[in-house]
Amino acid sequence: MAPEPTSRTRSLDVTAIRQDFPILRSHVHGRPLVYLDNASTTQKPRAVIDRLVRFYSEENANVHRGLHYLSERATDAYEGARETVRRFINAGDAREVVFTRGTTESINLVAQSYGGSHVGADDEVVISTMEHHSNIVPWQILCEQRGARLRVIPMSDAGELDLGSYERLLTGRTRIVAVGHVSNAVGTIHEIQRIVDLAHARGIPVLVDGAQAAAHMPVDVRALGADFYVFSGHKVFGPTGIGVLYGRSSLLDAMPPYQGGGEMIASVTFEKTTYQSPPHRFEAGTPAIAEAVGLAAAIDYLNGFGFDAIAKAEHDRLVQATALLSSVPGLRVVGSAPRKAGILSFVLEGVHPHDVASILDREGVAVRAGHHCCQPLMDRLGLPATVRASLALYTTAEEIDALADAVRRVRGVFG
């Protein structure tokens, strides 16, 4: 588990928080919804929903180029969202915040733009066994294009990265390291600071995939020393279709465009095109304006609670879930690292994870089953799939009880 928060940490009023999320009052198959698929996507508070409606009702226009009133309002809202993100991750300058469609696009942008400029034949890119496919495939594509090699940090049976092996993987041919902050499959919180420090000691930049971290813990990109940090809006209670790429300004300034089109240009002739400075160089075409504004509303909502309180609530529920599920005969929790976020994966002897998830759904309990876009990790563990319950600030003790009761009924059905 993650280290237990101190007793002085204030508690969240989870009952009151749940009133902010209209969908949590839903019923599924005649039963109250128990939503435990937050690692896949989080639900949206009324503050985000209302902000999207207000944008489309009162501010909708294209940004940056328009000289009329609505365009100015839309531009102010969009660029204000960039500043909100900057403060959220403690970037040094709003120009270091690039809006993308999500974590996946952010990683692809870095792989193709930075990687395409810095990775050559016989060079190496270091990732880990525990990465989401979105932090594997873009680097595979780059390595295939450039004649480079992908090197992989091994992991333990408990779900921890082998940092001794990692240090030995770093060589004079390593051009970038790309690792997740938190494992989406087993919940491990990686030692990002040490990973960054070891790479920086050799002059190697690091991209951190923060998709599973940003909603659950404070992110300070300057304190971490991350060269690139990426996350998605829909996993931090914001809209889908919006993501963030933080990049150190010295790196972004030297990177070529990822896509071409309007807005990312300074001037165009048939003979030559010159490009805008970051972040606009990497935001070709009409951006996801409403989604960026909605993301800012989600961040404001999160900031109203404080991450100490969020971490305490999620830690308590994770401890409860781990204890209850571990007592079910034939159930094995997958991933026993001492530092974990609110993700609990398990397998039930004699029952396929898809069958478990399907039966839980009939009980109103929404979980995820499969390889969680982490096939190499599952191969390492010798598993085709797991059931994954993932928590959020609105998860209640009663919902964890409902999960455990439903799993016991599954056990009873299959004997």
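Contact order for the chain, expressed relative to its length and based on alpha carbon pairs under 8 Å spaced 6+ residues apart, stands at 24 percent.
Applying 1/(1 + (r/R0)^6) with R0 = 41 Å to the Cβ-Cβ distance of D122 and E263 gives a FRET efficiency near 0.65.
Each peptide among 313-320, 295-302, 65-72 gets the average number of other Cβ atoms lying within 10 Å of its residues, and from highest to lowest they stand as 295-302, 313-320, 65-72. Each of I89, V334, A297 was placed along the dipole of the chain (beta-carbon charges, centred on the mean Cα), and the one lying farthest toward the positive end is V334.
Spatially close Lys pairs in the chain, defined by Cα atoms under 28 Å apart and a spacing of eight or more places or different chains, total 6.
Placing pseudo-labels 7 Å out from each Cα toward the beta carbon at A254 and Q140 gives an inter-label distance of 3.0 nm. Could you tell me the calculated FRET efficiency between A94 and S326, based on Cβ-Cβ distance and R0 = 56 angstrom, to the nearest 0.05? According to the calculation, E is roughly 0.75. Working from Cα pairs under 8 Å separated by at least six residues, relative contact order for the stretch 21-78 is 22 percent.
Between S165 and N60, full extension at 0.36 nm per residue minus the direct alpha carbon distance yields a gain of 32.6 nm. Neighbour counts of other Cβ atoms within 10 Å put S57, S249 in the fewest-to-most order S57, S249.
When the chain is treated as a GNM with alpha-carbon contacts under 10 Å, the residue of G203, G364, G159 showing the greatest mean-square fluctuation is G203. For D37, the residues 5 or more places off, or on other chains, whose built amide H falls under 5 Å of its own are S390.
Counting 0.36 nm for each residue step from S11 to A397 and taking away their Cα separation leaves a gain of 137.6 nm. Modelled this way, with points 7 Å down the Cα-to-C-beta line, the labels at A158 and D50 are 4.6 nm from one another.
Before anything else, pin down the relative contact order of the stretch 233-354: Cα pairs under 8 Å, at least 6 apart, normalised by residue count, whole percent.
20
Taking a ≥ b ≥ c as the square roots of the eigenvalues of the alpha carbon gyration tensor, the stretch 371-415 is oblate, as a/c is not under 1.5 and a/b does not beat b/c.
Three principal axis extents describe the C-alpha atoms of the chain; from largest down they are 73, 54, 40 Å.
Each reported figure results from applying straightforward, stated rules to the coordinates on display, with no laboratory input. Because the structure is a prediction, the values reported are computed rather than measured. Quick reminder, even Gly has a Cβ in these numbers, built from the backbone with ideal geometry, and neighbours come from all protein chains shown.
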